[in-house]
Amino acid sequence: MNPRRANPPYANALALLLWLASPLQLQAQSPASTSSAEPKPERQQALLRTLRQDCGSCHGMRLTGGLGPALLPQAMREIPRASLAAVIYHGRPGTPMPGWKTLLSAEEAEWLAGVLQGESAASPTEPKSPS
Ligand code: HEC
């Protein structure tokens, strides 16, 4: 699995445009719908592993930045969740930030964006202690 194997940049840009134009996006931006559907617990753990391992390879083990910028909650809260989810899902064309849509759904990208904003019980950096 190679996160760098992305679609050509124009495909990402097109997908982003389509996504921005979709009713889902309008809905996601309305303040009434801040809570998105939560993935199942096992899937949450898998997504968090991706966050720590794959995202951490560029954004730093503790998300304090590396090749990619720091993704700490304070800064992430300044950015609308839908925008963060779009960057995660589609990547940012012209930069090393890959899109993750082959590995997760739009809803899951939205959930991870919420995790980055510190609005989930799940910590973006600390694995859940075995209970
Ligand atoms: C190959 C390296 C790489 C990987 C892997 C990667 N990113 Fe990024 N990411 C970047 C870079 C570089 C940027 C900055 C893009 C720019 O210049 O705007 C970025 C930007 C972002 C941003 C926007 C931050 C902001 O302040 O605007 C978010 C959110 C993000 N990444 C989340 C993730 C998540 C979540 C994952 C894992 C699913 C991930 N990234 C994996 C390199 C990476």
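For the structure I just gave you, tell me whether E38 is among the charged types (D, E, K, R), more than 13 Å from the ligand (Cβ to nearest atom) and surrounded by 13 or more Cβ atoms within 10 Å (Cβ to Cβ). Break it down stepwise before answering.
Numbers: among the charged types (D, E, K, R): yes; more than 13 Å from the ligand (Cβ to nearest atom): yes; surrounded by 13 or more Cβ atoms within 10 Å (Cβ to Cβ): yes.
Judged against the criteria, E38 is a match.
Sort through E78, E42 and tell me the only one that's over 13 Å from the mean Cα position of the chain (by Cα) and closer than 18 Å to P127 by Cα.
Within the list E78, E42, the selection yields E42.
Among the candidates A21, A37, A32, single out the residue that is modelled with pLDDT of 80 or more and of a type outside the set (V, I, T). Don't jump to the end; show me each part of the working.
Working: A21 fails: modelled with pLDDT of 80 or more; A32 fails: modelled with pLDDT of 80 or more.
From the options A21, A37, A32, the qualifying one is A37.
Conditions first: (1) modelled with pLDDT of 95 or more; (2) over 18 Å from T125 (Cα atoms); (3) surrounded by fewer than 18 Cβ atoms within 10 Å (Cβ to Cβ); (4) hydroxyl-bearing (S, T, Y). Y89 passes all but one, so which condition is the exception?
Evaluating Y89 over (1) modelled with pLDDT of 95 or more; (2) over 18 Å from T125 (Cα atoms); (3) surrounded by fewer than 18 Cβ atoms within 10 Å (Cβ to Cβ); (4) hydroxyl-bearing (S, T, Y) leaves (3) as the failure.
Could you say whether any residue in region 52-61 is more than 11 Å from the ligand (Cβ to nearest atom), part of a loop (DSSP other than H, G, I, E, B) and within 14 Å of P127 (Cα to Cα)?
Within region 52-61, the first condition is being more than 11 Å from the ligand (Cβ to nearest atom), and the residues that meet it are 61.
Right, trim to part of a loop (DSSP other than H, G, I, E, B) and you get 61.
Subset that is within 14 Å of P127 (Cα to Cα): 61.
Within region 52-61 (the criterion being more than 11 Å from the ligand (Cβ to nearest atom), part of a loop (DSSP other than H, G, I, E, B) and within 14 Å of P127 (Cα to Cα)), the answer is yes, since at least one residue qualifies.
Within region 40-75, can you find the residues that are within 17 Å of W100 (Cβ to Cβ) and polar (S, T, N, Q)?
Q44, Q45, T50, Q53, S57, listed by residue number.
Among L67, L71, L63, L84, which is out of contact with any Asp or Glu (no Cβ under 6 Å at 6 or more places or on another chain) and touching a residue at least 60 places away in the same chain (Cβ under 8 Å)?
Working: L67 fails: touching a residue at least 60 places away in the same chain (Cβ under 8 Å); L71 fails: touching a residue at least 60 places away in the same chain (Cβ under 8 Å); L84 fails: touching a residue at least 60 places away in the same chain (Cβ under 8 Å).
It is L63.
What is the number of the single condition among (1) touching a Leu at 6+ places or on another chain (Cβ under 6 Å); (2) modelled with pLDDT under 95 that R4 does not meet?
(1)
Across region 96-117, which residue is nearest to L63 (Cα to Cα) among those that are touching a Pro at 6+ places or on another chain (Cβ under 9 Å) and acidic (D, E)?
Only one residue tops the list, namely E108.
So T102 ticks every box in (1) closer than 19 Å to Q44 by Cα; (2) near the ligand (Cβ under 9 Å from one of its atoms); (3) out of contact with any helix residue (DSSP H, G or I) (no Cβ under 9 Å at 6 or more places or on another chain) but one. Which box is left unticked?
Against the list (1) closer than 19 Å to Q44 by Cα; (2) near the ligand (Cβ under 9 Å from one of its atoms); (3) out of contact with any helix residue (DSSP H, G or I) (no Cβ under 9 Å at 6 or more places or on another chain), T102 comes up short only on (2).
Sort out which residues of region 70-98 are part of a loop (DSSP other than H, G, I, E, B) and within 9 Å of the ligand (Cβ to nearest atom), and write them in order of number.
So in region 70-98, the residues part of a loop (DSSP other than H, G, I, E, B) come out as 70-72, 77-80, 91-98.
Listed by number, the residues that qualify are A70, L71, E78, I79, G91, R92, G94, T95, P96, M97, P98.
The values are calculated or read from the model by the stated rules, or taken from the named source; none is laboratory data. Keep in mind that what you see is a predicted model, and the values were worked out from it rather than measured. Here the Cβ is made from the backbone with ideal geometry for all residues, glycine too, and neighbour counts use every protein chain on show.
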